[in-house]
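Contents: one structure, followed by commentary.
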Number of protein chains: 6
Amino acid sequence: MSTFKPAENIEENPRVKAVFDDIRETRNSDFINNMWYYIAFDEDLLERTWEEVKRVMAMPSILDPLTKEMLYLAVSIANSCAYCVHSHTAAARAKGLTDAQHSEIIKIISLAAKTNHIANGLQIPIDDVFDMDNS
Amino acid sequence: MSTFKPAENIEENPRVKAVFDDIRETRNSDFINNMWYYIAFDEDLLERTWEEVKRVMAMPSILDPLTKEMLYLAVSIANSCAYCVHSHTAAARAKGLTDAQHSEIIKIISLAAKTNHIANGLQIPIDDVFDMDNS
Amino acid sequence: MSTFKPAENIEENPRVKAVFDDIRETRNSDFINNMWYYIAFDEDLLERTWEEVKRVMAMPSILDPLTKEMLYLAVSIANSCAYCVHSHTAAARAKGLTDAQHSEIIKIISLAAKTNHIANGLQIPIDDVFDMDNS
Amino acid sequence: MSTFKPAENIEENPRVKAVFDDIRETRNSDFINNMWYYIAFDEDLLERTWEEVKRVMAMPSILDPLTKEMLYLAVSIANSCAYCVHSHTAAARAKGLTDAQHSEIIKIISLAAKTNHIANGLQIPIDDVFDMDNS
Amino acid sequence: MSTFKPAENIEENPRVKAVFDDIRETRNSDFINNMWYYIAFDEDLLERTWEEVKRVMAMPSILDPLTKEMLYLAVSIANSCAYCVHSHTAAARAKGLTDAQHSEIIKIISLAAKTNHIANGLQIPIDDVFDMDNS
Amino acid sequence: MSTFKPAENIEENPRVKAVFDDIRETRNSDFINNMWYYIAFDEDLLERTWEEVKRVMAMPSILDPLTKEMLYLAVSIANSCAYCVHSHTAAARAKGLTDAQHSEIIKIISLAAKTNHIANGLQIPIDDVFDMDNS
């Protein structure tokens with residue numbers, strides 16, 4: 001279910017088509033996932049979101065592409081975004097995520113959540129040595 | 001501020017001392033951060049939490065130690081755990097996190113949060129190809 | 001899917017009928033959305049929830065009805081409540097939300113989430129001038 | 001630090017004084033915690049919030065007072081509300097929470113968070129038998 | 001929809017079968033819910049998750065089984081885990097949760113969320129008496 | 001406390017100075033809040049974050065500046081970002097937020113959180129009429 005219905009034939013809009021073409025070329029795939037169809041009603045939102053996703057996630061950088069997808073997935077899980085968990089699990093697999101790696105990140109993410117709730121639960125005070133302002 | 005006050009001389013408890021000694025040896029450091037002092041009032045909670053943290057985070061595995069800390073940090077940020085953000089940023093630095101890497105993961109984490117809110121905001125339907133049950 | 005199945009013919013209960021009639025009259029519509037059917041198993045929960053929603057959201061106040069719905073929607077997105085995002089997007093549209101406004105609030109909400117994660121990620125200290133207790 | 005500074009002598013306002021007196025009488029204590037001082041700038045917010053807290057938490061009901069405080073604490077931890085974790089840990093202790101119970105609820109809360117992240121992480125489909133609409 | 005497809009005949013794996021048998025015996029039921037099928041691709045994740053869930057939730061402890069399920073449910077609601085809300089509502093019902101109790105915990109959980117947002121919204125400072133480190 | 005210590009004399013970096021000057025000019029104020037000092041270690045992060053905040057929040061648009069700040073604040077409260085709640089409450093006040101409006105948005109935000117938890121708690125199914133894909 002969705003709160004928004006994308007327009008038919010949305011690629012007839014040249015600004016939308018330009019972004020979709022760049023997505024296809026960047027990903028070397030004809031497939032455009034729903035995220036882009038659903039935000040295409042506002043060309044500005046579409047163009048800027050894609051520009052940022054492309055720059056941060058698809059351009060070469062210090063971190064390798066799979067590590068970046070794993071981080072994206074970790075945040076999406078913690079923020080309970082079903083769409084994003086699905087799309088970034090698929091993206092991570094496309095970049096080589098193995099079952100063994102998948103299992104390991106689930107162990108780390110769920111352990112982090114567990115200790116997050118312990119620390120928040122007891123309101124554990126931050127150690128002075130962790131405070132960079134006093135270093 | 002804390003909702004709990006650790007006992008004085010808590011290492012006089014041999015079960016607590018055994019865990020603290022293992023933390024020091026595993027980390028090759030004399031420093032024990034507050035997390036462990038504050039959960040030491042229940043030896044079972046202390047022993048099992050450390051056992052899991054050690055196994056998942058400190059033992060050799062498929063992912064390298066820095067990647068694991070970055071994932072832990074990503075979840076802690078999304079879950080708004082101030083203690084955990086501080087302790088795992090320190091841990092990531094101890095494992096070699098550079099300023100450039102730190103900046104890059106902040107860019108990825110904050111972009112993920114942004115698109116999480118876009119996808120949840122428009123309730124974008126999950127693409128059929130992402131559904132593994134139908135694959 | 002639901003964890004609860006509303007009773008059949010729940011409006012035969014006069015307390016439920018009284019609330020449903022007030023919802024219809026207040027909204028000038030025959031439609032009762034699922035929220036009210038699903039909490040009607042406890043008349044007290046139904047009556048008090050509706051009384052608060054009516055008073056805060058439907059009664060004239062300083063803020064205009066559309067602004068109030070946009071705020072409600074912003075919180076529902078951040079809290080990842082799929083039902084509430086759907087129902088309050090519909091309510092906002094009924095109160096005049098245009099596509100251009102919809103797009104703008106998505107841009108604000110997702111930017112806020114992005115900087116929330118930056119500020120939590122770096123644990124940026126609160127500026128003294130923001131502290132009203134010291135003003 | 002606070003974003004709001006309560007007025008001096010706020011109990012000179014008779015509506016505020018009436019609520020504060022009722023808090024003192026209900027709790028059989030002279031102490032008024034900051035929550036009530038900080039929302040007293042709007043008498044309506046103060047009166048209605050206290051009315052609901054009193055009715056749900058302080059009036060006799062099916063659940064015993066300590067169980068109710070533990071549930072309140074669990075939600076406050078998951079929602080990362082530092083103020084609420086502090087105030088409801090204190091309230092739970094005042095109602096008899098022992099260290100052993102405190103430790104046990106921390107174990108349950110943190111385990112729940114762990115499996116929440118596993119289930120959200122793998123997007124585990126809901127079993128048909130859990131769907132009450134089909135029962 | 002799921003991001004993972006469990007293997008067919010997964011119980012042919014003896015480590016998986018051993019866990020599933022223990023789940024059936026512990027719960028005195030033939031039914032294995034999806035959680036366990038979906039994490040069975042990694043025997044270690046399956047065994048350790050079940051061991052912890054069994055120890056914390058199924059073994060006799062200070063808190064009674066229904067109170068423990070209610071706490072688990074409260075966290076799952078706040079963390080917006082649809083799967084967990086469904087499975088732990090079912091578990092709570094199996095342990096005797098009545099409609100009246102269900103309604104009461106919903107009132108407590110939703111009130112807690114309300115005051116969590118008030119306290120976070122005004123950044124109410126924590127009362128000195130709540131700070132155990134200074135006690 | 002912070003996990004990062006901004007460099008001394010950071011405005012000696014011309015890219016940082018250019019952004020800080022634009023912040024001062026846009027806001028017509030000499031004050032630069034900590035957010036910008038703490039992300040200035042990465043000029044790209046600083047420049048792009050400010051560009052987006054300026055474009056979305058400071059440029060004329062359909063929504064008025066105060067409404068935009070209220071939406072930003074609502075998300076920051078729900079995401080439990082203490083820094084952002086402080087900075088955007090101050091920003092909202094600078095744009096004219098009155099005590100009466102402040103109180104009203106707190107009532108809306110906290111009510112939304114309450115019904116978010118009711119809807120998530122009972123997993124209320126989304127009404128068919130809310131599904132735009134079927135419209």
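Which of F:Ser29, F:Met132, F:Val56 sits closest to the plus end of the dipole of chain F, meaning its Cα is farthest towards the positive end, when Lys and Arg get +1 and Asp and Glu get -1 on the C-beta?
Projecting each Cα onto the dipole axis, the largest value belongs to F:Ser29.
With the label 7 angstrom out along Cα to Cβ, how close does E:Gly96 come to the same site in each of the other copies, in nm, nearest first?
1.6, 5.6, 5.6, 5.6, 5.9
Which aspartates and glutamates does E:Lys17 reach when only Cα atoms under 19 Å apart count, and residues fewer than 8 places away in its own chain are ignored?
E:Lys17 reaches E:Glu8, E:Glu25, E:Asp30, E:Asp42, E:Glu43, E:Asp44, E:Glu47, E:Glu51, E:Glu52.
At q = 0.19, 0.20 Å⁻¹, what log₁₀ I(q)/I(0) does a Debye calculation on the Cα points of chain E give, no solvent, two decimals?
Values returned for q = 0.19, 0.20 Å⁻¹ are -1.16, -1.22.
Here is the link list: B:Lys54/B:Lys95; A:Lys5/E:Lys114; C:Lys107/F:Lys54; C:Lys68/F:Lys54. Which ones come out longer than 22 Å on Cα distance?
Those over the limit are A:Lys5/E:Lys114; C:Lys68/F:Lys54.
Which of rounded, prolate or oblate describes the stretch B:11-59 when judged by the alpha-carbon gyration tensor and an a/c cut-off of 1.5?
Since a/c reaches 1.5 but b/c is at least a/b, the shape of the stretch B:11-59 is classed as oblate.
Helix-only estimate, please: 222 nm mean residue ellipticity of chain A, summing -39500 (n - 2.57) across DSSP H runs of length 4 or more and dividing by its residues, to the nearest 500. Walk me through the intermediate numbers first.
On the way: 6 runs with 82 residues, N = 135.
Mean residue ellipticity, 222 nm, calculated: -19500 deg cm²/dmol.
Residue by residue, what Karplus-based ³J(HN,Hα) values in Hz, rounded to whole numbers, does the stretch E:110-126 have, using 6.51, -1.76 and 1.60 with θ = phi - 60° and x for Gly and Pro?
6, 5, 4, 4, 4, 6, 4, 6, 5, 5, 5, x, 9, 6, 5, x, 6
Once the label point is set 7 Å along the Cα-to-beta-carbon vector, what list of distances in nm do you get between F:Lys5 and its counterparts in the other copies?
Nearest to farthest, the other copies are at 3.2, 3.2, 5.4, 6.0, 6.4 nm.
Considering every Cα-Cα pair within the stretch F:62-123, what fraction, in whole percent, is farther apart than 19 Å?
33 percent
If you count, for every residue in B:62-71, the Cβ atoms of partner chains within 10 Å of its Cβ, what is the mean?
Neighbouring Cβ atoms belonging to other protein chains average 5 per residue here.
In which sequence would F:Asp21, D:Asp42 go, from the one with the fewest C-beta neighbours within 10 Å to the one with the most?
F:Asp21, D:Asp42
Using the Cα atoms of the protein assembly as shown, I'd like the radius of gyration and the largest Cα-Cα distance, Dmax, both in angstrom.
Cα radius of gyration and Dmax of the protein assembly as shown are 25.2, 74 Å respectively.
Extending each Cα 7 Å along its Cβ direction at B:Arg15 and E:Asp99, get the distance between those two points in nm, one decimal.
Roughly 4.5 nm, to one decimal.
Would you kindly derive the ³J(HN,Hα) couplings of the stretch C:16-25 from the backbone phi angles with the Karplus curve 6.51 cos²θ - 1.76 cosθ + 1.60 (θ = phi - 60°), listing them in order in whole Hz, with x for Gly and Pro?
Couplings: 5, 4, 4, 5, 4, 4, 5, 4, 4, 5 Hz.
In debye, nearest 20, what is the charge dipole magnitude of the protein assembly as shown about its Cα centre with +1 on Lys and Arg Cβ and -1 on Asp and Glu Cβ, if you could check?
Numbers: 78 positive and 126 negative charges, 0 e Å.
In debye, rounded to 20, the protein assembly as shown gives about 0.
Can you give the mean number of other chain Cβ atoms that lie within 10 Å of the Cβ atoms in peptide A:4-15? Can you show the working numbers first?
On the way: counts 12, 5, 4, 0, 0, 0, 0, 0, 0, 0, 0, 0.
Counting Cβ atoms of other protein chains within 10 Å of each residue's Cβ and averaging gives 2.
If I take every Cα pair under 8 Å that is 6 or more residues apart in chain A, average their sequence separation and divide by the length, what percent do I get for the relative contact order?
Relative contact order comes out at 15 percent.
Would you calculate the separation in nanometres between label points at E:Lys54 and A:Asp64, each defined as 7 Å from the Cα along the Cα-to-beta-carbon direction?
For E:Lys54 paired with A:Asp64, the spin-label model returns 3.7 nm.
Would you mind telling me which residue in F:Leu73, F:Leu122, F:Leu63 has the biggest mean-square fluctuation in a Gaussian network model of chain F, where springs connect alpha carbons within a distance under 10 angstrom?
Fluctuation is largest for F:Leu122.
When Cβ neighbours within 10 Å are restricted to other protein chains, what is their mean count per residue of peptide B:34-42?
Averaged over the peptide's residues, the number is 5.
Starting from the Cα gyration tensor of the stretch C:38-81, multiply each eigenvalue by 5, take the square root, and state the resulting semi-axes largest first in whole Å.
22, 16, 6
Please report, in debye to the nearest 20, how large the charge dipole of chain C is about its Cα centre when each Lys and Arg carries +1 at its beta carbon and each Asp and Glu carries -1 there. It would help to have the intermediate numbers written out before the result.
On the way: 13 positive and 21 negative charges, 95 e Å.
Here chain C has a charge dipole of around 460 debye.
If you place +1 on the Cβ of every Lys and Arg, -1 on the Cβ of every Asp and Glu, and leave all else neutral, what size is the dipole of the stretch B:14-79 about its Cα centre, to the nearest 20 Debye?
Details: 8 positive and 12 negative charges, 24 e Å.
Charge dipole, the stretch B:14-79, about its Cα centre: 120 debye, nearest 20.
Once the label point is placed 7 Å from Cα along Cβ, list for F:Asp30 the distances to the corresponding points in the other copies, in nm, shortest first.
Reported distances to equivalent positions: 4.7, 4.7, 6.3, 6.8, 8.1 nm.
Any read-out appearing in this document is the output of simple, stated calculations on the displayed coordinates, not a laboratory observation. Bear in mind the structure is a predicted one, so any value in this text is a computation, not a measurement. Here Cβ is always computed from backbone atoms with ideal geometry, including for glycine, and neighbour counts include all displayed protein chains.
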